[in-house]
Structure formats: structure tokens, C-alpha cells
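Have a look at this one.
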Amino acid sequence: MIFSNASLKNYNTFGLDYKANGLVIIKSEEEAVSLVLEHNELIGPVLVLGGGSNILFTGDYNGTILHPEIPGIKIREKEGNQVVISAGAGVKWDDLVDWTVKNDFYGLENLSLIPGTAGAAAVQNIGAYGAEVKDYIFKVRCLSLSDASVMEFTNQECRFSYRNSIFKQEIKGHFLISEVFFRLSLKPTLNISYGSLQKEAENIGKLSQKTIRQAVINIRTSKLPDPSITGNAGSFFKNPVISGEKAENLQKKFPSIPQYRESSGETKIAAGWLIDQCGWKGKRIGDAGVHEKQALVLVNYGNASGREILDLSEMIRGSVYEKFGIDLEREVEVI
Ligand code: EPU
């Protein structure tokens, strides 16, 4: 289905009402192949947009947006203690997690309730509560936007790192993900490395995959705004990774600074804390604001423009740099 001069309001979780010259809803890989082969129907540059939960539009999009709604979750193979499953790029991420938990396939439960789609999860290497999706992705099936050839990227070829992958770097804009394959465990294995997760799960019942999923849902709903009510795109910035030496110096000055040692020897600092310390939490400029319970999340209280949200983010970035000498990098993609 191709729409022209289409509203993007329902295609970005900030709820911004910009327009695109063209919007194409893709229901299958075959549909994507024919679309690329008949490329003349597409107007201007092309942007693949999943759930729109990690994007900030600052104006109308003078090009064509491809929105994959490819459905389907399948069991592909079981071997020993492992199962390989696949999900169409358009499957809602949390529907997939819910399905894996109902089937007793272990691995994705810590990633419960993250907005977005299965396809976008691979682009972004989503992560939360001690888990990252890269540890479960087996391969990613894509289609070239230049010649419609279909390719599969192994986990290694995806070059995953913190909120990053080859799909955001070297081959950005050149492929459309049609399907993502995950390798999950049939043997109960629970990840309770994150702070209060175990305690939260045990408050619900016996520690299990189901209570972990419920605990993650409870933590997320208590801290993060629901994008269907208040426009937002989750963490606006990444947690900065700085040298161990710089982190030690900062800790001398700010003893309570939350920091996590990475295996590389570098240190990850909690951006939410830095922003909070600069006094931004709960602040609002017009309809653009900083969430009152998590300073890393910027919100649209109704009628903010993309530009106003971007301006607010730049002010935050300036204060963090001034106070801590750390330049925050955006997690959200600005268009
Ligand atoms: N903190 C504050 N004030 C705040 C926010 C956080 O002091 O306003 C402190 C917390 O007290 C804690 C630390 O900062 O000591 C870290 O906070 P939290 O555990 O809430 O997680 P985060 O590092 O802020 C990351 C991810 C989230 C993910 C959570 C939970 C990034 C950029 N964000 O946030 O992911 O849900 O961990 O694992 O890595 C997203 O990417 O959109 C997202 C929401």
C-alpha cells in the first residue's frame, strides 16, 4: 500500500504530526522485492521506519518512508537445549517476548515491554535490565534496496555493540530487514544481574521466567512514560563510555556517580544521573520536557515540535558538558 503526503503521527512515538511525500506499508518480503524492482514509484530518499520509537522528526520528510509490517513468528529448529525461532520485521517486539515466555523459550524476558518492532530491535541492539538482544540474535534476513537481492547477516556480520550495529553504520539506508532469527534456550536460564530485578520478581512469586517478565514490566511502567499516552522515544541519549582514568577523577569530585566497569577497561556512566544532577529532571519548556521519573527520557506533553525537543536536548547536552566535561551522544536518530 502506497500513500502520498502521509501523516507520520502514528509512525513515531513522540507523536509528531509531520508528513512524508510517500509512505509504503510492506506486508511481506515478496512485496518488498517487487517494490524495489519497480523503484520508480518511490519519491526522493528512502527511510525504513519500524515502530518509530527511536526517532525524532524535526520537519516533514521529503522522501519515501518504508514501513515493514511483515508478520509471523515461527519455530525453525530445535537442537539439544536450544531453539531457533524467527520473527517478521513487523512483529511488535513485546508480542514476540510474550510468545517466547508462553512457550518457555528463555532469553528475551528481560527485554519485556520495549516499544518497537522485531526488525528495529536488531538495528538498535536493544538492551535493558542486564540483557542485550545481540546475545540472542542468530541471523538477520535483509533485502537490498538497490537491487532487491536477499541476504542473511550472521550475528558476527551484524557487528553489534552498545545500541549499535552495521545497520546503523556502514550499510545504513541500504537494506530493509525482513526477518530476524533468534537462538533461545530450552533450559531454564534466568538473568538476574540487574540491580533490584530478583527482589522485584520474588515480590511477585517464585523466581521464574514469568515473574522476571512481570517484574521488568512493573519497573518499566513505574519509571518510563507510556508512549501511547505521553510521546517519548525512551532514552534520548546513550550512557557515555569514558576512560577509567577520567571516571576515577570524576568519582573523586562526585562520589555518588553511578558507573559500571566495561570489559574493555573503560567505564560507562549513567547519563540519566548526569542530567538529573544538572537539575533537568521534571523540567518543561513549553510542551517539551524531561520525564519526572527518568531524566534520560524526553517527552512531548502534547504539541511540542520536533525542533523544540531537539533544542531542549541540546540545552541538556550543554549543561552536562559544562558540569562534567562529558559530551552526551544521542541514542535517538534525528531526521
Ligand atoms: N538515575 C538518576 N536519575 C535519573 C535516571 C537515572 O539518578 O533521572 C540513576 C539511577 O538511579 C541509576 C542509574 O542512573 O543509578 C541508571 O539508571 P537506570 O537503571 O534507570 O538505567 P539507565 O542507565 O538510565 C538504561 C537504558 C534503558 C534501560 C535501562 C534499564 C540506555 C541509554 N538506557 O537506562 O534503555 O531500560 O538501562 O536497563 O542504555 C532505551 O534505550 O530507550 C532505554 C529506556
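The values are calculated or read from the model by the stated rules, or taken from the named source; none is laboratory data. Model, not experiment: these values are computed from the prediction. FYI the Cβ positions are ideal-geometry reconstructions off the backbone, even for glycines, and counts take in every protein chain you see. Just so you know, the surface numbers come from the protein's heavy atoms only, side chains and all, with ligands and any DNA or RNA stripped out. Shrake-Rupley method; radii C 1.70, N 1.55, O 1.52, S 1.80 Å.
In region 11-26, which residues are open to solvent by 10 Å² or more (accessible area, probe 1.4 Å) and at pLDDT below 95?
Applying the first criterion (open to solvent by 10 Å² or more (accessible area, probe 1.4 Å)) to region 11-26 yields 11, 13, 15, 17-19, 21.
Listed by number, the list holds a single entry, N21.
If the Cβ limit is 7 Å and pairs must be 6+ apart or interchain, which residue in region 131-147 that is of a type in the set (G, A, S) pairs with which residue that is assigned to a helix (DSSP H, G or I) and modelled with pLDDT of 95 or more?
Taking only residues 6 or more apart or on different chains, the pairs are A131/N110; A131/L111.
Let me ask you something else. Based on what the data block shows, is G173 among the small types (G, A, S) and either open to solvent by less than 30 Å² (accessible area, probe 1.4 Å) or more than 22 Å from the chain's Cα centre (by Cα) (or both)?
Numbers: among the small types (G, A, S): yes; either open to solvent by less than 30 Å² (accessible area, probe 1.4 Å) or more than 22 Å from the chain's Cα centre (by Cα) (or both): no.
In short, no.
Within region 269-290, which residues are touching a residue at least 40 places away in the same chain (Cβ under 8 Å), under 21 Å from the mean Cα position of the chain (by Cα) and near the ligand (Cβ under 8 Å from one of its atoms)?
Residues satisfying the conditions are A271, I275.
When the residues of region 12-50 are narrowed to those that are within 16 Å of the ligand (Cβ to nearest atom) and polar (S, T, N, Q), which ends up farthest from F236 (Cα to Cα)?
Within region 12-50, the match that is farthest from F236 (Cα to Cα) is N12.
Another question, if that's okay. Give the number of residues within region 235-289 that are small (G, A, S), closer than 25 Å to G302 by Cα and either part of a loop (DSSP other than H, G, I, E, B) or assigned by TED's automatic domain parsing to the domain that holds N10 (or both).
Going through region 235-289 one residue at a time, the tally reaches 3.
Being free of Cβ contacts under 8 Å to residues at least 12 places away in the same chain, within 16 Å of the ligand (Cβ to nearest atom) and either within 25 Å of G15 (Cα to Cα) or open to solvent by less than 10 Å² (accessible area, probe 1.4 Å) (or both) is the requirement here; does E331 meet it? Walk me through how you get there before you give the answer.
Numbers: free of Cβ contacts under 8 Å to residues at least 12 places away in the same chain: no; within 16 Å of the ligand (Cβ to nearest atom): yes; either within 25 Å of G15 (Cα to Cα) or open to solvent by less than 10 Å² (accessible area, probe 1.4 Å) (or both): yes.
Spelling it out, it is not the case that E331 is free of Cβ contacts under 8 Å to residues at least 12 places away in the same chain, within 16 Å of the ligand (Cβ to nearest atom) and either within 25 Å of G15 (Cα to Cα) or open to solvent by less than 10 Å² (accessible area, probe 1.4 Å) (or both).
Out of the residues in region 110-134 that are more than 14 Å from the ligand (Cβ to nearest atom) and of a type outside the set (A, V, I, L, M, F, W, C), which is nearest to V48 (Cα to Cα)? Lay out the reasoning, then the answer.
Residues of region 110-134 more than 14 Å from the ligand (Cβ to nearest atom): 117-119, 122.
Subsequent filtering for residues that are of a type outside the set (A, V, I, L, M, F, W, C) retains 117, 119.
Working: T117: 12, G119: 10 Å.
Going through the qualifying residues, I end up with G119.
Something else now. Take the residues in region 51-63 that are within 16 Å of the ligand (Cβ to nearest atom) and open to solvent by 20 Å² or more (accessible area, probe 1.4 Å), then tell me which one is farthest from Y11 (Cα to Cα).
N54
Which of the residues spanning region 64-96 are in a loop (DSSP other than H, G, I, E, B), over 13 Å from R183 (Cα atoms) and open to solvent by 10 Å² or more (accessible area, probe 1.4 Å)?
The initial filter retains those residues of region 64-96 that are in a loop (DSSP other than H, G, I, E, B), namely 69-72, 80-81, 89-91.
Narrowing further to those that are over 13 Å from R183 (Cα atoms): 69-72, 89-91.
Within region 64-96, E69, I70, P71, G72, G90, V91 qualify.
OK, next. Kindly indicate the residue of region 204-227 that is of a type in the set (D, E, K, R) and assigned to a helix (DSSP H, G or I) and also surrounded by the fewest Cβ atoms within 10 Å (Cβ to Cβ) among those meeting that condition. Write out each step before concluding.
Of all residues in region 204-227, those of a type in the set (D, E, K, R) come to 206, 210, 213, 220, 223, 226.
Okay, now just the ones that are also assigned to a helix (DSSP H, G or I), so 210, 213, 220, 223.
Details: K210: 16, R213: 24, R220: 18, K223: 13.
Ranking the candidates gives K223 first.
Also: Within 23 Å of H67 (Cα to Cα) and either without any contact (Cβ under 8 Å) to a residue 12 or more places away in the chain or assigned by TED's automatic domain parsing to the domain that holds S28 (or both): which single residue out of E202, E170 fits that description?
Values: E202 fails: within 23 Å of H67 (Cα to Cα).
Only one candidate passes the filter, namely E170.
Does region 132-158 hold any residues that are part of a helix (DSSP H, G or I) and open to solvent by 50 Å² or more (accessible area, probe 1.4 Å), and which are they?
The initial filter retains those residues of region 132-158 that are part of a helix (DSSP H, G or I), namely 133-135, 156-158.
Within region 132-158, K134, D135, Q156, E157 qualify.
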